[in-house]
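Visitor: Pasting a structure below so you can have a look.
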Number of protein chains: 2
Amino acid sequence: MRIVQKFGGTSVGSIDRIRKTADIVAAELARGHQLAVVVSAMSGETNRLIEMAHELSPCPAERELDALVATGEQVTAALLAIELQQRGIDARSFTGGQAGFRTDSSHVRARIQRIECEHLVRCLEQGRVAVVTGFQGIDEAGNITTLGRGGSDTSAVALAVAIGADVCDIYTDVDGIYTADPRVVAGARKLDRISYEEMLELASLGAKVLQTRSVELAMRYGMPVHLRSSFHPVPGTMVTSEEESMERASISGVAYNRDEAKITIKGIPDHPGIAANVFGPVAEAGINVDVIVQNISEHGLTDITFTVPRSDYNKTMELMQQVCRDMKARSVSGDDSVAKVSIVGVGMRSHSGVAKKMFEVLAAEGINIQMITTSEIKITVVIDEKYVELAVRALHSAFGLDREPGQRN
Amino acid sequence: MRIVQKFGGTSVGSIDRIRKTADIVAAELARGHQLAVVVSAMSGETNRLIEMAHELSPCPAERELDALVATGEQVTAALLAIELQQRGIDARSFTGGQAGFRTDSSHVRARIQRIECEHLVRCLEQGRVAVVTGFQGIDEAGNITTLGRGGSDTSAVALAVAIGADVCDIYTDVDGIYTADPRVVAGARKLDRISYEEMLELASLGAKVLQTRSVELAMRYGMPVHLRSSFHPVPGTMVTSEEESMERASISGVAYNRDEAKITIKGIPDHPGIAANVFGPVAEAGINVDVIVQNISEHGLTDITFTVPRSDYNKTMELMQQVCRDMKARSVSGDDSVAKVSIVGVGMRSHSGVAKKMFEVLAAEGINIQMITTSEIKITVVIDEKYVELAVRALHSAFGLDREPGQRN
């Protein structure tokens, strides 16, 4: 097989971790596979570099930031290649540019345009391990670019697609995707498989396991992504297209996010454009609005409720006081102790009654639902934060997630 | 004017030092000059990177070492460009490859073959400051190479030659070349000018101010090199061709080096090849032999005396015990408390009696000369270390170096 392996910052965060990563590479190589290894910067290194830049300038030139932070992965790639060669393995490091990553010129948030990987493929065919810096490339003019935070996952998947790999193994500090957070639900089970769509919904719920961009890319090209632990040599969770998933249960998992705050503006005189008036200032402040609910208009007045990350709560409340005055709305209120709980599953599409069951389960536990939002394969409710564990456990049990997929109702 | 400025590791060793370096760049730019700035890695950074590599392998792959340590200058170049842009100066960083440095493929000791500097020259002509990583380039296949320790001086001079600069300013932590070490001779004077040849002789005496390779390159292309302080904004010492030097005194300076040890093998049966027998094992051990004196043969036996760096004394003595046995020589003796004192000056060529005067001055002070070696513009003696200061002061005074050049005898 031809495999792309990707190791994140904690997997290469020290000399000792680099040795352990080399163990994993060596073991896969011994199985006769062709290997391209994509690495991140040592954990903490990117922040160290960015802090130096910020000591010099509150707003450092982005082209230079890219040249600066790109050194982080270059150091890791060289060190891992040194360790592999030390073991007699023919390995060599490649910068993004050397590996053929060509991007647009949007510094600090570049998009990969193509990968000119002929040279790298020749290396693999000769049995050489290619150690490639993630997160970076060069533009047409040869300037160093970076893909933005978390771009190493995207580098790995893009490289896997370009070289026609059979699978892209993403090594991380968790050993896969679970039906629920094992710290909350004792019976949570590791999923052997999950669909790209479900993975995207989980990522949007704050599961930091895999960058959304990389999942989208894998989905577009049908590249199987194997999420696995760099600490334990066991199979993780395979992210694949839905068709490859056997015997799907109606839902795959229960997720939650405590980092939520809720803001309500009441009694807004209803006319076209009020959403823009409310959310314009929030967007300009760089705050991500998540769930939005607008009530139907009554007596020409309407209410809007939305959630933001909890760290942006105070700032958003200030903005909304002003918006309230400008729009002559009645009042602004907020609550920074709410949480989101979601159930996710491609099986929802064909199983009716999933939403009804979810609401019944929560009601039976006496949990009040404050907001609801749904997508084709996800139902999210906003509830009081103190009920999070209760809600997650009740839903996990009610949907039979602690049993084998074939034995669920 | 078009100027190449080079800043070493201490000049960019901290965020604060980078700001001060930007002050110097900004001041030169304000004078209307075109500037290319060559930078080293932050002091200590190259060693930090190499130590990580050595933790992984006693003998790290050289191609990967180059990729690893090249990040050091890339960080500095990006940071300096950020600081310059922060001040409203149009600046951008260039890696060795981006600046057009093409080298051979001898990793960790590459030689510059050519500099494809059209792009960089266009930048300068547009009034943009080019900040270039010293010490590195790429080979024909695009692999990152480094020029070896101290290569940043060579990068700067080579770039100055390639872009047709008027001068190459080397900023360092000393403010020029002195007629003698000011710590030893109170009346030591800074030289306004020195010839390439003299500079080479001083470099070979252990003056770490300028890499020998860079001086040779400057001499070959007649590039004036201005050695100056990054701490004090005063003119330093201009290294130029001899013809440009006005009114030369017979000697330019007195230099010394304490880091010397002397070894003598006595009673070697004289036949062709004995020098190879003696110095072969030394060279194989990577030890640099400096002064060598061989006495004329007497009764078919000869003596050889030579000096090595003091840190290699014990190892060399061991090797010579073996050589002595193998060659059936009479004895080996050594002294690790000797020092070299030299007088240097292109004026020697036309002034006879310089050597005679030197020996007389030392004799008058009661200093015994143990070895003598001469070049066209340098006379070196090896003496007991305890007389070093006395010898340097006496020679400095006797040759009138504490007076203005025109007033010397």
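The values are calculated or read from the model by the stated rules, or taken from the named source; none is laboratory data. Just so we're clear, the structure is a prediction, and the values are computed from it rather than from any experiment. Backbone-built Cβ (ideal geometry, glycine too); neighbour counts: all protein chains shown.
Visitor: Scanning for something among the hydrophobic types (A, V, I, L, M, F, W, C), at pLDDT 95 or above and crowded, with 17+ Cβ neighbours inside 10 Å, does the stretch B:178-195 turn up at least one residue?
Guide: no
Visitor: May I pose another question? Give the residues of the stretch A:44-54 that are part of a helix (DSSP H, G or I) and either more than 9 Å from every other protein chain (Cβ to nearest Cβ) or not small (G, A, S) (or both), sorted by residue number.
Guide: A:E45, A:T46, A:N47, A:R48, A:L49, A:I50, A:E51, A:M52, A:H54
Visitor: Further, regarding this structure: Could you say which residue among B:I296, B:I379, B:I343 is surrounded by 18 or more Cβ atoms within 10 Å (Cβ to Cβ) and free of Cβ contacts under 8 Å to residues at least 60 places away in the same chain?
Guide: The unique qualifying residue is B:I379.
Visitor: Looking only at residues in the stretch A:34-82 that are acidic (D, E) and within 23 Å of the chain's Cα centre (by Cα), which one is farthest from A:V121 (Cα to Cα)?
Guide: Checking each candidate, the answer is A:E45.
Visitor: Hey, A:T76 hits all of (1) surrounded by fewer than 24 Cβ atoms within 10 Å (Cβ to Cβ); (2) touching a residue at least 60 places away in the same chain (Cβ under 8 Å); (3) facing chain B (nearest Cβ under 10 Å) but one; which does it fall short on?
Guide: (1)
Residues checked against (1) among the β-branched types (V, I, T); (2) in contact with a helix residue (DSSP H, G or I) (Cβ under 6 Å, 6 or more places away or on another chain); (3) under 23 Å from A:V132 (Cα atoms):
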| site | (1), (2), (3) |
| --- | --- |
| B:N47 | no, no, no |
| B:T71 | yes, yes, yes |
| B:A78 | no, yes, yes |
| B:R111 | no, no, no |
| B:G127 | no, no, no |
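Visitor: May I ask you to list the residues in the stretch B:160-217 that are touching a His at 6+ places or on another chain (Cβ under 8 Å) and within 20 Å of B:Y256 (Cα to Cα)?
Guide: The answer is B:D175, B:T179, B:A180, B:V185, B:G187, B:A188.
Visitor: Considering only residues that are in contact (Cβ under 8 Å) with a residue 60 or more places away in the chain, in contact with a strand residue (DSSP E or B) (Cβ under 6 Å, 6 or more places away or on another chain) and not hydrophobic (A, V, I, L, M, F, W, C), which ones fall in the stretch A:116-151?
Guide: Passing the criteria: A:G134, A:Q136, A:T145, A:T146.
Visitor: Residues to consider are A:V308, A:V282, A:V289; find the one that is within 28 Å of the chain's Cα centre (by Cα), closer than 11 Å to A:I263 by Cβ and surrounded by fewer than 17 Cβ atoms within 10 Å (Cβ to Cβ).
Guide: Residue meeting the stated conditions: A:V289.
Visitor: What about B:V254, is it in contact with a Phe, Trp or Tyr (Cβ under 8 Å, 6 or more places away or on another chain), crowded, with 16+ Cβ neighbours inside 10 Å and among the hydrophobic types (A, V, I, L, M, F, W, C)?
Guide: It is true that B:V254 is in contact with a Phe, Trp or Tyr (Cβ under 8 Å, 6 or more places away or on another chain), crowded, with 16+ Cβ neighbours inside 10 Å and among the hydrophobic types (A, V, I, L, M, F, W, C).
Visitor: Further, regarding this structure: Please return the ranges of helices (runs of 4 or more DSSP H) entirely within the stretch A:312-399 where 2 or more residues are of a type in the set (G, A, S) and in the same structural domain as A:G280 (by TED's automatic domain parsing).
Guide: A:354-364, A:388-398
Visitor: Condition check: charged (D, E, K, R) and modelled with pLDDT of 90 or more. Does A:R213 satisfy that?
Guide: Taking the combined requirement at face value, the residue does not satisfy it.
Visitor: Looking only at residues in the stretch B:79-93 that are under 18 Å from B:D16 (Cα atoms) and at the interface with chain A (Cβ under 8 Å from one of its Cβ atoms), which one is surrounded by the fewest Cβ atoms within 10 Å (Cβ to Cβ)?
Guide: Filtering the stretch B:79-93 for residues that are under 18 Å from B:D16 (Cα atoms) and at the interface with chain A (Cβ under 8 Å from one of its Cβ atoms), the one surrounded by the fewest Cβ atoms within 10 Å (Cβ to Cβ) comes out as B:Q86.
Visitor: Given the criteria more than 7 Å from chain B (Cβ to nearest Cβ), of a type in the set (S, T, Y) and surrounded by 24 or more Cβ atoms within 10 Å (Cβ to Cβ), does A:T71 qualify?
Guide: It is false that A:T71 is more than 7 Å from chain B (Cβ to nearest Cβ), of a type in the set (S, T, Y) and surrounded by 24 or more Cβ atoms within 10 Å (Cβ to Cβ).
Visitor: Okay, next question. Is the stretch B:280-298 home to any residue that is in contact with a helix residue (DSSP H, G or I) (Cβ under 7 Å, 6 or more places away or on another chain) and assigned to a strand (DSSP E or B)?
Guide: No: the stretch B:280-298 contains no residue that is in contact with a helix residue (DSSP H, G or I) (Cβ under 7 Å, 6 or more places away or on another chain) and assigned to a strand (DSSP E or B).
Visitor: Let me ask something else about it. Would you confirm, using the coordinates I've provided, whether A:S57 is within 7 Å of chain B (Cβ to nearest Cβ), within 23 Å of A:L147 (Cα to Cα) and among the hydroxyl-bearing types (S, T, Y)?
Guide: Taking the combined requirement at face value, the residue satisfies it.
Visitor: Which condition number in (1) within 19 Å of B:S155 (Cα to Cα); (2) at the interface with another protein chain (Cβ under 10 Å from one of its Cβ atoms); (3) of a type outside the set (A, V, I, L, M) is the one that B:G96 fails?
Guide: Single failed check for B:G96: (2).
Visitor: A follow-up question, please. Among (1) touching a Phe, Trp or Tyr at 6+ places or on another chain (Cβ under 7 Å); (2) within 21 Å of A:L68 (Cα to Cα), there is one condition B:I115 misses while meeting the rest; what is its number?
Guide: (2)
Visitor: Check the stretch B:27-43 and report whether any residue there is within 14 Å of chain A (Cβ to nearest Cβ) and either of a type in the set (D, E) or part of a helix (DSSP H, G or I) (or both).
Guide: No, there is no match, as no residue in the stretch B:27-43 is within 14 Å of chain A (Cβ to nearest Cβ) and either of a type in the set (D, E) or part of a helix (DSSP H, G or I) (or both).
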